[in-house]
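Take a look at the structure below.
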Amino acid sequence: MRRKEKRLLQFAGLLIAALLFLPNVGLWSLYRDRVFDNSPDTVDGPGEIQCGETDTLMSCTCFDSEICVYDAGNGEQGKPFPLTDADRVDQAYRENGFNIYVSDRISLNRSVPDIRHQNCKQKLYAEKLPNTSIIIPFHNEGWSSLLRTVHSVLNRSPPQLIAEVILVDDFSDKEHLKVALEEYMVRLPKVRILRTKKREGLIRTRLLGAAAAKGEVITFLDSHCEANINWLPPLLDRIAQNRKTIVCPMIDVIDHDNFGYETQAGDAMRGAFDWEMYYKRIPIPTELQKDDPSEPFESPVMAGGLFAVDRKWFWELGGYDTGLEIWGGEQYEISFKVWMCGGRMEDIPCSRVGHIYRKYVPYKVPGGVSLARNLKRVAEVWMDEYAEYVYQRRPEYRHLSAGDMTAQKELRNHLNCKSFKWFMSEVAWDLPKHYPPVEPPAAAWGEVRNVGSGMCMESKHFVSGSPIRLESCVKGRGEVSWSHGQVFTFGWREDIRVGDPMHTKKVCFDAISHNSPVTLYDCHGMKGNQLWRYRKDKSLYHPVSNSCIDCNPTERRVFMNTCDPSSPNQQWLFERTNATVLEHFNQGTN
């Protein structure tokens, strides 16, 4: 009897303890969700799900299957968030450059669409791959966007390949990035936080993370990304085959407004640059296209923020040039360096990562603008005689101090790096077709005067979306005419740009259809809506809409209309023309 009574007492004690303890567990769960994840539609993921016992790295493609297929709630499967006018207030963008209100209402573990090529799902990768340190620098990043980046990496990566995730805080002053972030990351043991003692800028912050990394490979990500399904093995597999290969994922677009997830226009393209050193994307030439579009392809230049590199090889290359300030130019420096000094660079179609392209940079860069100095430094160290083409377009760079470059030039000699001429002829041989070092002659340029009204085309704002209007022609030339936006160039790409031939802006005449207004839109160099013909009857013909530029002088509107050779309002006089180039443009056209 005593033994039975003792067991009954023990059972009663356990029951009482459970009744007292379980409510506290519920309270802790509620507290945890409110403090650590204030997104109302958040789905708690099952954490780091291991591959099945019979699986190998070769066959695993989704490492958190519940999250990968989840399709309920705001933003799931990368669908745009249904915005209201209240969601679009300026305050939503002010601190981050994207709509933080929307970000906060989407799950930290949201699913994204699997937009890989179908062939990617059948690919096999080495069973043993090098592990990697994921380095994510940030400054005053939004809470939900930063955490979503981390969760996407952990949810969609084989856990054995993640050595660590290093968050490098570049002197943030937002409260949510201090104690709250430390407390949150306790639940994610692979994540550690490093903090700078002063504002260092993106380049040095990345270097600090790289110096602390323990993984065999270093993988850099931005702080507002979402890794897609099985993004990591395709990167590491290429490095395992050749440790001197730098690899970049395909970068998808997360809309800064509604957080919809989609591919970039054109999807797989090669990274390039123009001679003002703006990053560009150009089509893969026929000679480099493969039967299987899911195969890796060579890229001359990386976009900059997202790539993986063997840790030892990164430091053999000298890491980033420590003389580069804050941000800008580092993607060219590392790209030129790896190609010219014995390595190579590839884009990997089966690895995809979404990235939020900010509406604007929400914070001031300390120490003034450093981009021009950085670009000159890269040009002087790596571009040899080709730097002159940059200075022709950016004459202000000639007399700009780029600091002491002795160490970088010695590194180039020590590594027996090839010339930039070699880079242009062997790696970026297709770039001059799209961005020639020596600009071909323009067909027409200067003011564009309407025959019927005697008024001139003008753009008051040199930004995408602004309309072309009719205004009184500026009598003077040069700077006065330029300041009033009445100088345009009909150039070798057969588009019409703001500015004179040597100083064109990056916006072009664009028309959607018949009767649509003529507006400025970011130049894409792909013809289409931006292709024009300047015909012998002085009309500006738009092949896509089969229309001509017309105007209403009273309303000062410039728009597309049915072509009428007899109408003086459809006749336009450029200030200067090159008859030879115009004849070449018009060969085979009406």
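The values are calculated or read from the model by the stated rules, or taken from the named source; none is laboratory data. Keep in mind the model is a prediction, meaning the values are calculated, not measured. Quick reminder, even Gly has a Cβ in these numbers, built from the backbone with ideal geometry, and neighbours come from all protein chains shown.
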Review point. Quick check, is Gly342 assigned by TED's automatic domain parsing to the domain that holds Ala240, modelled with pLDDT under 95 and either basic (Lys, Arg) or in a loop (DSSP other than H, G, I, E, B) (or both)?
Key: no
**Study point:** Candidate set from the stretch 418-467 (those that are among the acidic types (Asp, Glu) and closer than 30 Å to Asn569 by Cα); member that is surrounded by the most Cβ atoms within 10 Å (Cβ to Cβ)
**Key:** Glu458
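Does Glu287 satisfy the condition of being of a type in the set (Asp, Glu), under 25 Å from Met424 (Cβ atoms) and part of a loop (DSSP other than H, G, I, E, B)?
On the way: of a type in the set (Asp, Glu): yes; under 25 Å from Met424 (Cβ atoms): yes; part of a loop (DSSP other than H, G, I, E, B): no.
In short, no.
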Practice item. Output the number of the condition that Asn552 fails; it satisfies all remaining conditions of (1) closer than 17 Å to Gly491 by Cβ; (2) over 38 Å from the mean Cα position of the chain (by Cα). Key: (1)
**Study point:** Scan of the stretch 296-330 for residues that are β-branched (Val, Ile, Thr) and either assigned to a helix (DSSP H, G or I) or closer than 17 Å to Ile136 by Cβ (or both), ordered by number
**Key:** Val309
Check your understanding: Is there a residue being in the same structural domain as Asp310 (by TED's automatic domain parsing), surrounded by 15 or more Cβ atoms within 10 Å (Cβ to Cβ) and within 16 Å of Val353 (Cβ to Cβ) anywhere in the stretch 169-189?
Key -> no
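Residues to consider are Ile203, Ile193, Ile254; find the one that is at pLDDT below 95 and within 20 Å of Asn155 (Cβ to Cβ). Write out each step before concluding.
Values: Ile203 fails: within 20 Å of Asn155 (Cβ to Cβ); Ile193 fails: at pLDDT below 95.
Within the list Ile203, Ile193, Ile254, the selection yields Ile254.
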Practice item. Give the stretch 311-347 a look and list any residue that's buried (at least 22 other Cβ atoms within 10 Å of the Cβ) and of a type in the set (S, T, N, Q), or say none. Key: Ser335
Exercise for review: Could you check how many residues of the stretch 548-590 are over 20 Å from Ser459 (Cβ atoms), free of Cβ contacts under 8 Å to residues at least 40 places away in the same chain and surrounded by 15 or more Cβ atoms within 10 Å (Cβ to Cβ)?
Suggested key: 1
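Return yes or no: is His461 on the phi < 0 side of the Ramachandran plot, of a type outside the set (Val, Ile, Thr) and within 32 Å of the chain's Cα centre (by Cα)?
Numbers: on the phi < 0 side of the Ramachandran plot: yes; of a type outside the set (Val, Ile, Thr): yes; within 32 Å of the chain's Cα centre (by Cα): yes.
Here the answer is yes, as His461 does meet what is asked.
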Exercise for review: Would you please list the contacts, defined by Cβ atoms under 6 Å and residues six or more apart or on different chains, that run from a residue in the stretch 214-230 that is among the hydroxyl-bearing types (Ser, Thr, Tyr) to a residue that is assigned to a loop (DSSP other than H, G, I, E, B) and buried (at least 24 other Cβ atoms within 10 Å of the Cβ)?
Suggested key: Ser223/Glu141
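Among the listed residues Pro137, Pro130, Pro189, identify the single one that is under 25 Å from Ile106 (Cα atoms) and part of a loop (DSSP other than H, G, I, E, B).
Result of the check over Pro137, Pro130, Pro189: Pro189.
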Review point. Closer than 22 Å to Val165 by Cα, surrounded by fewer than 20 Cβ atoms within 10 Å (Cβ to Cβ), aliphatic (A, V, I, L, M) and assigned by TED's automatic domain parsing to the domain that holds Ser223, is that true of Ala308?
Key: no
Check your understanding: If you go through the stretch 409-420 one residue at a time, do you hit one that is closer than 27 Å to Gly209 by Cα, more than 24 Å from the chain's Cα centre (by Cα), in contact (Cβ under 8 Å) with a residue 40 or more places away in the chain and in a helix (DSSP H, G or I)?
Key -> yes
Check your understanding: Given the conditions (1) outside any helix (DSSP H, G or I); (2) under 23 Å from Val581 (Cβ atoms); (3) out of contact with any His (no Cβ under 9 Å at 6 or more places or on another chain), and given that Pro432 satisfies all but one, which numbered condition is not satisfied?
Key -> (1)
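Would you check which residues across the stretch 254-293 are polar (S, T, N, Q) and within 25 Å of Lys506 (Cβ to Cβ) and list them? Write out each step before concluding.
Step one: list which residues in the stretch 254-293 are polar (S, T, N, Q), which gives 258, 263-264, 286, 289.
Thr263, Gln264, listed by residue number.
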Review point. Scanning the stretch 105-127 for residues that are within 24 Å of the chain's Cα centre (by Cα), in a loop (DSSP other than H, G, I, E, B) and hydrophobic (A, V, I, L, M, F, W, C), which turns out farthest from Arg192 (Cα to Cα)?
Key: Ile115
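Among the hydroxyl-bearing types (Ser, Thr, Tyr) and over 23 Å from His524 (Cβ atoms): does that describe Tyr391? Break it down stepwise before answering.
Numbers: among the hydroxyl-bearing types (Ser, Thr, Tyr): yes; over 23 Å from His524 (Cβ atoms): yes.
For Tyr391, the condition - among the hydroxyl-bearing types (Ser, Thr, Tyr) and over 23 Å from His524 (Cβ atoms) - is met.
Would you say Pro233 is at pLDDT 95 or above, part of a strand (DSSP E or B) and under 27 Å from Ser157 (Cβ atoms)? Give the steps one after another, and end with the answer.
Numbers: at pLDDT 95 or above: yes; part of a strand (DSSP E or B): no; under 27 Å from Ser157 (Cβ atoms): yes.
Taking the combined requirement at face value, the residue does not satisfy it.
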**Study point:** Matching residues in the stretch 166-180 - criterion: being closer than 13 Å to Phe138 by Cα and without any contact (Cβ under 8 Å) to a residue 24 or more places away in the chain
**Key:** Lys178
